[in-house]
Amino acid sequence: MSDISENIKMYRDLLPEETTLVAVSKTKPIEDVLEAYHTGQRIFGENKIQEMASKWEALPKDIEWHMIGHVQRNKVKYMAPFVHLIHAVDSLKLLKEIDKQATKHDRTIQCLLQIKIAKEDSKFGLSIEDATILLTSEMLQELENIKIVGLMGMATFTDNEAQIISEFKILKDSFDILKKNHPYLTTLSMGMSGDFKLAIAEGSTMVRIGSSIFGARNYN
Ligand SMILES: *Cc1c(COP(=O)(O)O)cnc(C)c1O
């Protein structure tokens, strides 16, 4: 058996049954995605819209494609025909564009709001206050072809486990608070190769795992 299928099987054993595994295939060739597919994996994550679109064209159509990277509004149209879940939505403007493009294809596109939990400046995302305002805005009610189903966050890239845990706790607490008024929020996307165990312990329902399934990425 190849490493990729062994890794997929290992994660299936490791993760609680109700936790969704998103296999992050960015930079990896079609053959690698197919190997995971033939092991039964159907959910894949990419962070570049064009790369995801070309993989979608080349690969079996029962794959559920997740956009996990930052989204530029002018590129939403390229993924609107097929994308299943967009993890990193951080503005009403972007939601409007997703809704507009989804409407053209007579589809509903699911979205997660990205919450900024990391201390690093480079990480995108909404504050919890802004997410609260967004979820209660009247404008949102008019967007009929999008569905916000949860939150996503990325912890600081650090060896300091206490810091990672505290950031995940902030996200989980925010999720629980928002859920009280918005019970349709059911997905909490947090955890990657390096921190998924901590994320699971803090209540993640969806992990995004790349390098420890497919190996280190090659950006050339
Ligand atoms: C690349 C990426 C991942 C996967 O990272 P690994 O450390 O390789 O598991 C998860 N989430 C996001 C948003 C990413 O860009």
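When I164 is tested against (1) within 16 Å of the ligand (Cβ to nearest atom); (2) touching an Asp or Glu at 6+ places or on another chain (Cβ under 6 Å); (3) under 24 Å from H84 (Cβ atoms), only condition (3) is not met. Consider R12 carefully, then state whether it is more than 14 Å from the ligand (Cβ to nearest atom), closer than 26 Å to I128 by Cα, at pLDDT 95 or above and in contact with a Leu (Cβ under 9 Å, 6 or more places away or on another chain). Spelling it out, it is not the case that R12 is more than 14 Å from the ligand (Cβ to nearest atom), closer than 26 Å to I128 by Cα, at pLDDT 95 or above and in contact with a Leu (Cβ under 9 Å, 6 or more places away or on another chain).
May I ask you to list the residues in segment 149-161 that are under 25 Å from H182 (Cα atoms), of a type outside the set (A, V, I, L, M) and within 13 Å of the ligand (Cβ to nearest atom)? Across segment 149-161, the qualifying residue is only G153. Quick check, is L59 crowded, with 21+ Cβ neighbours inside 10 Å, touching a helix residue (DSSP H, G or I) at 6+ places or on another chain (Cβ under 9 Å) and in contact (Cβ under 8 Å) with a residue 24 or more places away in the chain? No.
Taking segment 177-208 as the range and being aromatic (F, W, Y) and away from the ligand (no atom under 14 Å from the Cβ) as the test, only Y184 passes. Residues that are closer than 22 Å to I86 by Cβ, in contact with a helix residue (DSSP H, G or I) (Cβ under 7 Å, 6 or more places away or on another chain) and among the aliphatic types (A, V, I, L, M) within segment 180-220 comprise L185, L188, M190, A199, V207, I209, I213, listed in sequence order.
Considering segment 113-135 alone, what residues qualify as being buried (at least 18 other Cβ atoms within 10 Å of the Cβ), under 9 Å from D90 (Cα atoms) and of a type in the set (A, V, I, L, M, F, W, C)? Those that are buried (at least 18 other Cβ atoms within 10 Å of the Cβ), under 9 Å from D90 (Cα atoms) and of a type in the set (A, V, I, L, M, F, W, C): L113, I115, L126, A131.
Filtered by the rule that a residue be more than 28 Å from Q163 (Cα to Cα) and in contact with a Leu (Cβ under 6 Å, 6 or more places away or on another chain), segment 97-138 gives D99, Q110. The condition (being of a type in the set (S, T, N, Q) and within 12 Å of the ligand (Cβ to nearest atom)) is satisfied by just one residue among S174, S211: S211.
Residues are listed down the side, and each one gets a yes or a no for (1) part of a loop (DSSP other than H, G, I, E, B); (2) closer than 13 Å to S212 by Cβ; (3) in contact (Cβ under 8 Å) with a residue 40 or more places away in the chain:
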residue	(1), (2), (3)
N7	no, yes, yes
Y11	no, yes, yes
L21	no, yes, yes
E31	no, no, no
G40	yes, no, no
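Close Cβ contacts (under 6 Å, 6 or more residues apart or on different chains) running from residues in segment 191-220 that are without any contact (Cβ under 8 Å) to a residue 40 or more places away in the chain to residues that are of a type in the set (V, I, T) and within 8 Å of the ligand (Cβ to nearest atom) comprise S193/I209.
Identify, from the list D3, D99, the residue that is within 16 Å of the ligand (Cβ to nearest atom) and of a type outside the set (S, T, Y).
So the residue among D3, D99 that is within 16 Å of the ligand (Cβ to nearest atom) and of a type outside the set (S, T, Y) is D3.
The values are calculated or read from the model by the stated rules, or taken from the named source; none is laboratory data. Predicted, not measured: the structure shown is a model, and the values here were computed from it. Don't worry about glycine lacking a Cβ; one is built from the backbone with ideal geometry, like all the others, and counts go over all protein chains shown.
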